[in-house]
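Below you'll find the structure, written out as structure tokens, and then a few comments.
Laboratory data are not the source of any read-out in this text; all were calculated from the coordinates shown. Being a predicted model, the structure only gives us computed values, none of them experimental. Reconstructed Cβ throughout: ideal geometry from the backbone, glycine too, with neighbour counts over all protein chains shown.
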Ligand SMILES: Nc1ncnc2c1ncn2[C@@H]1O[C@H](COP(=O)(O)OP(=O)(O)OP(=O)(O)O)[C@@H](O)[C@H]1O
Ligand SMILES: [Mg+2]
């Protein structure tokens, strides 16, 4: 579990995150959503320590990351896997070498063990056959999968993905989401995804944090979004007439389910 406690972050006089508190739950895909410029990437960079926070604390399973020694921080960083926007693969290295890179930097064990681990991860993302290819020779979706294999090669406890679906078609996006979700459940990872992909939100949003102008505006699950009365959230998610109609239809469907009637009564 990752906790953000009263995080404040700005650049010069410009305050980007005035005061954010949130919890990223273990074994779940936690989504951070919000329009462009709402502070998602800044928040993620603060969480992984790529940017220092001005105030507040970030706790990794209770350990205060913000006040750790460099040595302790390094230990936490080794438990973090990150999928960067645009995959950020090394063009001069093969797929296999790209996935090997973190193992060479931080991994323990023999060369043979490391090679086996690389092939295990490539198999997991169904890319064993592309091991000897260079990034320029594979598709965008395949590059994302190489990025995922590289992010999980050190068995991370925490996985961060900034816009994992940008530039992908809806079907490939869903496959990437499914893969990230499966890995999260399989290894009980605390996964955090920045996205503005509505398919991701509706399909895999167990826990969603909606950011509006640097503040946490709403928090809940994809099921709760359907019934949320938060106007800003609704304007953001259901931006078109088509989606507003779809929401009403889904509301009617869900309303017919007894569980939901009971839950709404309780709330
Ligand atoms: N290094 C920086 N220096 C100054 N301002 C920055 C820096 N990084 C981000 N910002 C500003 O912080 C604000 C939030 O940016 P951020 O990249 O977090 O948005 P985002 O929600 O990730 O948007 P997008 O959906 O477009 O990726 C923007 O106004 C941006 O200009
Ligand atoms: Mg961003």
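Volume of the convex hull of the chain (Cα atoms only), normalised per residue: 149 Å³. Its Cα gyration tensor gives segment 74-135 an equivalent ellipsoid, and the semi-axes of that ellipsoid, as √(5λ) in whole Å with the largest first, are 18, 16, 11. With a cut-off of 17 Å on the backbone N, the residues of segment 25-66 near the modelled label site 7 Å out from residue 14 along Cα-Cβ are 35-46, 51-52, 54. Whole-percent P(r), segment 136-237, all Cα pairs, 5 Å bins from 0: 2, 11, 22, 22, 18, 13, 7, 3, 1, 0. Tell me, 158, 212 in order of fewest to most beta-carbon neighbours within 10 Å? Neighbour counts put them in this order, fewest first: 212, 158.
Could you please rank 112, 223, 28, placing first whichever residue has the fewest other Cβ atoms within 10 Å of its Cβ? Display every interim value, and only then the final one.
Values: 112 8, 223 14, 28 21.
Ascending Cβ contact count within 10 Å gives the list 112, 223, 28.
Between segment 120-191 and segment 1-63, what's the alpha-carbon centroid distance in Å? Using only Cα atoms, the two centres lie 23 Å from each other. For segment 69-205, the fraction of C-alpha pairs more than 24 angstrom apart is 26%.
Within 10 Å of each residue's Cβ, count the other Cβ atoms and sort 84, 238, 65, 11 from fewest upward. The partial results should precede the final answer.
Working: 84 15, 238 18, 65 21, 11 10.
Listing 84, 238, 65, 11 from fewest to most nearby Cβ atoms yields 11, 84, 238, 65.
The simple spin-label model puts a point 7 Å past each Cα toward its Cβ; for residue 51 and residue 73 those points are separated by 1.6 nm.
Diffusion coefficient of segment 1-136 by Stokes-Einstein, Kirkwood radius over Cα pairs, 37 °C, 0.692 mPa s: 190 µm²/s.
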